[in-house]
Every structure is written in C-alpha cells, then in structure tokens.
Amino acid sequence: MSQDSRATVVRTENVKKIYRMGKATVEALRGISLEIYAGEYLSIMGPSGSGKSTFFNMVGGLDHPSEGRVFIDEVDVAQLDAYELAWLRCRKIGYIFQTFNIIPVMTALENVMLPMTFAGLASDDARDKAAGLLDRVGLGTRLHHRPFEMSGGQQQRVAVARAMANDPAIILADEPTGNLDLKTGHEIIALLREMNQQNGVTIISATHDMKMLSVSDRVVWVRDGCVDRVELREDLNIKVGSIEGTE
Amino acid sequence: MTPVSGSVSSSDNAIQKQIVLPWSKALEIAYRSIYVRLGRSIITMSGVILAIAFMMSILANGAILRHLVALNDPQINYVLQQEGERTGTEALVDQGVKQEQVWLISLSLLVALIGIVNAMLMSVTERFREIGTMKCLGALDSFIVRLFLIESTFQGLIGAGLGVVLGLLTAATWKTIQYGCPAMNSPAVWGQLLLDGLFALAVGTIIGVAASIYPAYTAARMAPVDAMRADE
C-alpha cells in the first residue's frame with residue numbers, strides 16, 4: 001500500500017524547541033515537519049543529544065513546542081486543556097518506557113487495569129480484558145505477580161499489555177529495549193510488531209537499537225535537531241544485514 | 001485520505017474530556033500504597049503517635065486530677081497536697097491544662113506536622129516516576145492530589161488513634177498507681193476522657209491532612225514527561 005493513501009495519525013509542523021539555560025539558549029529542535037501514518041511502525045533514531053527524545057515527547061503530547069504545531073488525530077495538542085490531554089493520553093496513546101515504570105505497589109493485573117480504571121471501565125470488565133491482554137503477551141500465569149518478582153523482560157511485557165489497555169491508536173515506546181539484553185529485546189520488538197500487525201496500532205519508538213530497524217516500516221534519523229533523512233524499510237534491508245553481522 | 005485501520009476512524013476522532021474518578025478508586029490505590037510501604041508509613045506515623053500521646057496524657061492527667069479534687073476525699077486530698085496539687089472547691093476553677101503545657105503541646109504538634117510534611121515530600125520525590133507514569137496513563141491532577149491526601153489522612157488518623165491509646169494508658173496507669181482505684185472508677189471521668197480522646201483524634205487527623213497539602217500539590221504539578229527520564 002502506498003503511504004499517501006493512509007490516514008495521518010500524527011503530524012508536526014515546523015516544530016522547534018528552545019531551552020533557555022541562564023543567558024544561553026539551546027535549540028534542541030530546529031523545525032521538524034513530519035507525518036506519521038496510521039498503522040505504521042516508525043523508529044526515530046539518533047545519537048543522544050540529537051533532539052530525538054525532545055521530538056519524541058512532542059509527538060506523544062508530553063511536551064509543548066516553543067514554535068510550530070503538533071497534531072494528533074488532526075487535533076492541535078496545544079489547544080487541549082488538562083482534561084482533554086489526560087483523555088488523549090488515556091485513550092489514544094499507550095506509553096512504554098525504557099525503565100518499564102510498572103507501578104510497584106500493584107500486581108501485573110492491576111497495572112494493566114489501571115488505564116482502564118482511568119477510562120471509567122467497570123472493574124469486572126477491566127479485569128477480564130487485562131487478563132486477556134496479559135495472556136496475549138505470554139504472562140497468563142503471572143497475573144498476580146508484583147514487578148519486583150518479575151524479570152526486566154516480563155516487566156516490559158506487562159508494560160506492552162498496559163499500553164494496549166484502552167486500544168490506543170498510537171503506542172509510544174521510548175527506548176523499549178534499552179534496559180534489556182539482546183534476546184529479551186528481540187522478544188519485545190517482536191511483540192510490538194505483532195501488536196502493530198494484528199491490531200493496526202501505530203508504533204512510534206525512539207531508539208538507537210539497530211535491532212529495531214528490521215521491523216520498522218520507516219526510520220527517521222534525527223541529528224542536531226533536524227530530520228537528517230527518512231528511510232523506508234525496503235531501502236534498509238541490506239544495511240541491517242551488515243549491522244547484524246557485526247553484533 | 002481514508003483510514004485503513006479500525007483504531008483510527010473519524011467517528012471516534014473527537015477528543016473528549018477525561019472523567020473524574022470517584023474517591024473510592026483513589027481510596028483503594030492509596031490504601032494499597034500504604035499497605036505495601038507499611039514500615040515507611042509507621043515511621044511517618046510515629047511523629048503523630050508521639051505528639052498525640054503527649055497531648056492525650058496531659059489532657060487525661062488534667063481530667064483525672066479535676067475528678068480527684070472534686071471527690072474531696074480527705075485521704076486523696078492528703079496525697080494531692082503531697083504531690084503539690086491544690087485541693088478544695090476553689091482549686092477546681094483553674095485545675096485545667098496549664099499555660100506552659102499548652103506551649104509544649106503546640107510545639108510537639110508542630111514538630112509532628114513538619115515531620116509528616118518532610119516524609120511526604122520525600123515520598124513524592126521517591127515516587128516521581130510512578131506519578132508521571134500514572135499521568136501518562138490518564139490520571140488527572142486532582143486524582144494525584146487525592147491519592148496523597150488520603151494517604152496522609154490515613155496516617156494522621158491511625159497515628160492519632162494509636163497516640164490516644166498510648167497517652168490514655170500512660171496517664172491512667174500512672175494516676176491509678178498514685179491515687180489508687182478512685183482515680184478511674186467514675187463514669188464522669190471516662191466521659192471526659194472520651195471527649196478528650198476524640199479531640200486529640202481530630203487534631204491528629206487535621207495535622208495529617210494539613211501536612212499533605214503542599215506535598216500533594218507538588219506531586220500533581222509535575223509534568224508527565226518526567227516519567228520518561230531514565231537517569232534517576
């Protein structure tokens with residue numbers, strides 16, 4: 001399918017971010033315009049300090065640009081009030097963090113139920129749905145385990161289930177494999193890809209993990225606060241082979 | 001442009017306002033949070049326990065002394081005079097809580113208040129990522145405020161309850177040793193002690209609530225983007 005026929009789920013228009021540090025101003029983003037299509041698996045790549053994380057946070061409605069605009073589902077994020085932003089984060093976006101961020105006082109099941117509770121779903125329905133999701137990520141037997149009783153990979157699986165809780169349009173994954181070993185990282189990437197293909201959820205991930213390249217539909221390279229280049233998977237295949245060969 | 005996937009269709013495109021969760025949900029989560037961090041909560045509570053125990057023992061001592069003076073029993077009057085207490089009907093008028101005791105009670109309550117504020121602020125800092133995560137999952141600021149208010153109110157209430165029991169036991173035991181059974185065996189004195197106990201309980205709870213206002217506000221104000229930060 002050609003990119004043009006797809007709906008745009010996130011659109012940024014000349015997004016700039018300027019940080020003031022004392023008298024000096026640092027331009028973290030120098031005007032990024034990008035369209036992210038519904039159902040694609042997009043990786044934002046770049047070295048640390050490139051503005052990758054800043055851009056990623058803008059796309060997720062977590063940070064406001066100094067200039068330019070961010071549209072999520074054709075709605076200007078800057079126009080939303082606190083209640084609408086909370087609703088957006090709850091229903092439209094699922095977040096996955098590098099550090100897993102499983103709520104430590106809750107079990108796996110309760111963690112997955114939490115976004116549904118915030119969305120106003122009845123407890124019984126939430127419990128059933130959460131159990132189903134945990135089963136799907138391969139943790140069907142560990143519903144009542146707390147985060148400290150689980151490995152990093154298992155915690156990240158809980159996070160994937162939690163991100164899927166309210167059937168979001170987008171999953172934002174910030175370095176999802178950053179704290180995982182090679183094999184577990186592969187499993188999480190495969191899991192994200194599976195969610196992407198089966199549920200049509202758009203995956204946007206900020207990473208410098210080359211493993212991510214092979215599953216991404218598009219890779220956006222960010223350097224010095226600008227989009228350096230955008231690559232399609234078809235163009236990447238050969239390069240990925242060589243990179244994986246050196247691992 | 002036509003949407004291809006079911007998750008993005010024009011019908012559910014409109015942004016709505018997030019619903020406000022009932023108190024019961026916040027209560028549930030706050031309760032679990034205290035339960036899991038019980039040791040920590042008890043340390044936070046100990047300030048209230050001690051301050052309220054101190055306050056309660058002074059109130060109870062006063063109540064029991066007033067009762068003993070009112071009995072006007074020659075034998076008890078003798079012991080009272082030995083202890084340096086005034087006896088007789090005119091003594092009843094000013095046999096309440098003394099000025100310097102009020103100062104001491106106020107100071108101990110203030111220390112307890114500062115103790116809880118400090119402990120709650122630490123708890124907020126420690127849980128920055130947890131709070132940020134909750135906000136990413138759709139928690140409203142008001143929900144975060146409620147969470148911390150409830151947690152602190154619980155701590156104030158339970159701490160004050162334990163403090164009342166502790167203070168009452170100390171005062172009652174000590175007065176019984178000093179003056180024998182007549183000190184405690186009247187419904188009137190128990191009625192007064194009950195009132196004092198309820199008062200101390202209320203004071204302790206108010207301290208708990210007051211102490212959590214600033215920390216809860218700090219927690220709710222933080223940006224969800226902080227949850228993304230890995231370097232902590």
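Here are some notes:
- Each residue was assigned an accessible area with a 1.4 Å probe, and for residue A:145 the value is about 60 Å².
- In this structure, residue B:188 and residue A:197 have a Cβ-Cβ separation that, at R0 = 60 Å, corresponds to a calculated FRET efficiency of about 0.15.
- Chain lengthening between residue B:114 and residue B:128 when straightened (0.36 nm per residue, less Cα-Cα): 2.9 nm
- Relative contact order, percent, chain A [alpha-carbon distance under 8 Å, six or more residues apart]: 26
- Taking 23 Å as the limit for the C-alpha separation, the pairs A:23/B:135; A:52/A:211; A:52/B:17; A:183/B:135; A:17/A:211 exceed it in the case of A:23/B:135; A:52/B:17; A:183/B:135; A:17/A:211.
- Contour minus Cα-Cα distance for residue A:226 and residue A:26 (0.36 nm per residue): 70.6 nm
- Percentage relative contact order, the range A:104-189, counting C-alpha pairs under 8 Å, at least six apart: 34
- Modelled label reach - residue B:202, point 7 Å along Cα→Cβ, the range B:157-174 residues with backbone N closer than 19 Å: B:157-165, B:168
- Note on residue A:144/residue A:19: beta-carbon distance plugged into 1/(1 + (r/R0)^6) with R0 of 45 Å gives a FRET efficiency of 0.55.
- Estimated buried accessible area (total), pair A and B, 1.4 Å, Å² to nearest 100: 3900
- Chain B: relative contact order as a whole-number percent, Cα under 8 Å and 6+ apart: 35
- Here the Karplus curve 6.51 cos²θ - 1.76 cosθ + 1.60, taken at θ = phi - 60°, turns the phi angles of the range B:34-40 into couplings of 5, 4, 5, 9, 4, x, 4 Hz, with x standing for Gly and Pro.
- Set of aspartates and glutamates near residue B:25 by C-alpha distance (under 19 Å), chain-local residues within fewer than 8 positions excluded: A:110, A:124, A:125, A:128, B:130, B:141, B:151
- Spin-label pair residue A:182/residue B:23, simplified geometry with 7 Å Cα→Cβ offset, distance in nm: 5.7
- In this view, the solvent-accessible surface of residue B:153, computed with a 1.4 Å probe and all protein chains in place, comes to about 40 Å².
The values are calculated or read from the model by the stated rules, or taken from the named source; none is laboratory data. Bear in mind the structure is a predicted one, so any value in this text is a computation, not a measurement. Cβ atoms come from the backbone with ideal geometry, glycine included; neighbour counts cover every protein chain shown. SASA here: full protein model, heavy atoms, side chains in, ligands and nucleic acids out. Shrake-Rupley method; radii C 1.70, N 1.55, O 1.52, S 1.80 Å.
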